[in-house]
Amino acid sequence: MEPSDLRVALFSGNYNYVRDGANQALNKLVGHLLARGVTVRVYSPTTDTPAFPPTGDLVSVPSLPMPGGRDEFRLGIGLTKAARRDLEAFKPNIVHVSAPDILGHRALTWAEKNGIPKFSSMHTRFETYPQYYHIGFVVPWMIRALTRFYNRADQVVVPAPSSGELLRSWGVTVPIGIWSRGVDHHRFNPEARSLEWRRSLGIADDEVAIGFLGRLVLEKGLDIFAEVIAALKQRGVRHRVMVIGEGPARGWFAERVPEAVFTGFQSGDALGRAVASMDVFFNPSVTESFGNVTAEAMAAGVPVVAARATGAVDLVQDGVTGFLVPPRDVDAYADAIGRLAQDDALRLSAGRAGHEAAKVYEWDPVNEAVIDAYLAMLARLAR
């Protein structure tokens with residue numbers, strides 16, 4: 001079988017209506033699949049105000065605003081008769097689900113009834129979210145639900161080995177492979193650094209800019225970030241905070257880091273310039289299964305201080321490209337950032353090492369691995 005023989009029905013909980021790392025990866029994947037002759041059709045909730053144009057053919061499925069005050073997201077509620085007819089007419093030979101939601105389960109059920117091989121990709125540590133919204137008691141239930149979801153597939157791919165180990169520890173028994181992530185090295189590189197742009201934000205050349213990059217939502221570890229910045233101030237470590245991104249928790253975050261410079265949403269080469277203009281990238285999130293923003297900061301030559309959690313442990317070489325810290329240890333974070341802020345030679349050497357380490361993350365070979373996994377799954381199931 002060749003790539004051109006593949007017909008993939010891809011199900012996403014958010015393909016393009018709110019920009020995030022997961023749907024950026026999915027759109028990159030679809031672009032690569034189409035370029036390789038694969039036929040693809042995407043099924044996802046949509047809105048009238050998408051964040052960016054979708055790659056490939058996108059079929060809208062019914063959805064409702066996400067409960068819990070996060071109505072910028074949509075919850076796919078299943079497959080309508082029209083969507084099922086569309087699927088039947090498309091005649092996929094692979095159903096690829098990327099979110100453990102109602103839509104994902106309905107897609108797996110449809111595939112099971114029609115004898116279509118089922119492929120699942122993991123993108124986010126959803127079981128880590130409840131602790132940020134004071135409903136941690138649901139975590140054991142969520143882990144059981146996620147385990148059941150991934151075990152319904154014939155093949156699972158995860159972004160990094162640590163995520164695969166996590167799923168195995170839960171009891172996921174189906175084959176698990178790796179679909180890593182790439183970096184746009186033309187955009188994220190040390191040459192994009194701009195002291196002029198920093199000055200326009202009021203950041204002095206000799207001030208160490210501690211950067212945050214991502215959607216401003218509580219599950220990105222904003223509480224720990226704010227506590228660490230307060231600890232640095234108490235210790236007298238000279239620094240400025242640069243926040244790149246937007247989100248519903250911006251006001252909450254701004255109250256807790258009042259001296260921070262908020263650049264707002266950045267994209268394209270402006271995003272590359274912003275990342276390269278950091279001096280330290282601080283990522284306390286434990287929700288990532290890979291950490292696209294961590295890889296981008298490394299590619300830009302910025303040393304990283306991150307939570308010792310899935311994703312970061314596969315990217316950051318502790319003591320070489322930055323530091324890995326126990327997830328909620330405020331003092332340890334402050335120690336690590338303080339070392340980098342006060343030691344120019346260490347900060348520069350860690351940035352150079354990260355830039356070299358990030359060179360292996362290229363989108364084309366990363367996405368070609370998915371085609372290989374599709375074909376291997378079909379061959380295994382055909383035996």
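Of the residues 94, 143, 116, which single one is touching a Phe, Trp or Tyr at 6+ places or on another chain (Cβ under 6 Å) and within 25 Å of residue 383 (Cα to Cα)?
94
Output yes when any residue across region 366-383 is open to solvent by 80 Å² or more (accessible area, probe 1.4 Å), of a type outside the set (A, V, I, L, M, F, W, C) and not in a helix (DSSP H, G or I), and no when none is. Walk me through it before giving the result.
Here is the first cut: in region 366-383, the ones open to solvent by 80 Å² or more (accessible area, probe 1.4 Å) are 372, 382-383.
Still in the list and also of a type outside the set (A, V, I, L, M, F, W, C): 372, 383.
Checking the rest, the ones that are also not in a helix (DSSP H, G or I) come to 383.
There is at least one residue in region 366-383 that is open to solvent by 80 Å² or more (accessible area, probe 1.4 Å), of a type outside the set (A, V, I, L, M, F, W, C) and not in a helix (DSSP H, G or I).
If you take the residues of region 255-274 that are open to solvent by 20 Å² or more (accessible area, probe 1.4 Å) and within 19 Å of the chain's Cα centre (by Cα), which of them is nearest to residue 297 (Cα to Cα)?
Checking each candidate, the answer is 271.
Each row is one residue, and each column tells you yes or no for (1) open to solvent by 70 Å² or more (accessible area, probe 1.4 Å); (2) touching a strand residue (DSSP E or B) at 6+ places or on another chain (Cβ under 8 Å); (3) over 21 Å from residue 14 (Cβ atoms); (4) among the β-branched types (Val, Ile, Thr).
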residue: 81; (1), (2), (3), (4): yes, no, yes, no
residue: 92; (1), (2), (3), (4): no, yes, no, no
residue: 96; (1), (2), (3), (4): no, yes, no, no
residue: 119; (1), (2), (3), (4): no, yes, no, no
residue: 124; (1), (2), (3), (4): no, yes, no, yes
residue: 128; (1), (2), (3), (4): no, no, no, yes
residue: 133; (1), (2), (3), (4): yes, no, no, no
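I need a count of the residues in region 267-292 that are at pLDDT below 95 and either farther than 26 Å from residue 310 by Cβ or not polar (S, T, N, Q) (or both). Before the answer, list the steps.
The initial filter retains those residues of region 267-292 that are at pLDDT below 95, namely 267-268, 285-292.
Still in the list and also either farther than 26 Å from residue 310 by Cβ or not polar (S, T, N, Q) (or both): 267-268, 286, 288, 290-291.
Within region 267-292, residues that are at pLDDT below 95 and either farther than 26 Å from residue 310 by Cβ or not polar (S, T, N, Q) (or both) number 6.
Please go through region 214-251 and pick out each residue that is at pLDDT 95 or above and open to solvent by 20 Å² or more (accessible area, probe 1.4 Å).
Selection gives 223, 227, 230, 233, 234, 235, 236, 239, 240, 250, 251.
Among the candidates 180, 162, 200, 169, which residue alone is surrounded by 21 or more Cβ atoms within 10 Å (Cβ to Cβ) and out of contact with any strand residue (DSSP E or B) (no Cβ under 8 Å at 6 or more places or on another chain)?
Step by step, each of 180, 162, 200, 169 is checked, and only 180 is surrounded by 21 or more Cβ atoms within 10 Å (Cβ to Cβ) and out of contact with any strand residue (DSSP E or B) (no Cβ under 8 Å at 6 or more places or on another chain).
Anything in region 279-297 that is out of contact with any Ser or Thr (no Cβ under 7 Å at 6 or more places or on another chain), open to solvent by less than 10 Å² (accessible area, probe 1.4 Å) and of a type in the set (Val, Ile, Thr)? List them, or say none.
280, 294
List the helices (runs of 4 or more DSSP H) inside region 95-173, counting only whole elements, that have at least 3 residues being more than 25 Å from residue 314 (Cα to Cα) and out of contact with any Gly (no Cβ under 7 Å at 6 or more places or on another chain).
102-114, 139-151
Select from region 298-344 the residues that are farther than 24 Å from residue 272 by Cα, outside any helix (DSSP H, G or I) and of a type in the set (Gly, Ala, Ser) and write down the one among them that is most open to solvent (accessible area, probe 1.4 Å).
Filtering region 298-344 for residues that are farther than 24 Å from residue 272 by Cα, outside any helix (DSSP H, G or I) and of a type in the set (Gly, Ala, Ser), the one most open to solvent (accessible area, probe 1.4 Å) comes out as 319.
At least 3 residues that are under 30 Å from residue 134 (Cα atoms) in each: list the strands (runs of 3 or more DSSP E) lying fully within region 27-88 that qualify.
63-65, 74-76
Any chance region 172-189 includes a residue that's more than 26 Å from residue 125 (Cβ to Cβ), at pLDDT 95 or above and more than 21 Å from the chain's Cα centre (by Cα)?
No.
The values are calculated or read from the model by the stated rules, or taken from the named source; none is laboratory data. These figures come from a predicted structure and were not determined experimentally. All Cβ positions, glycine included, derive from the backbone under ideal geometry; neighbour counts span all protein chains shown. The accessibility values were calculated without ligands, DNA or RNA, using every heavy atom of the protein model including side chains. Shrake-Rupley method; radii C 1.70, N 1.55, O 1.52, S 1.80 Å.
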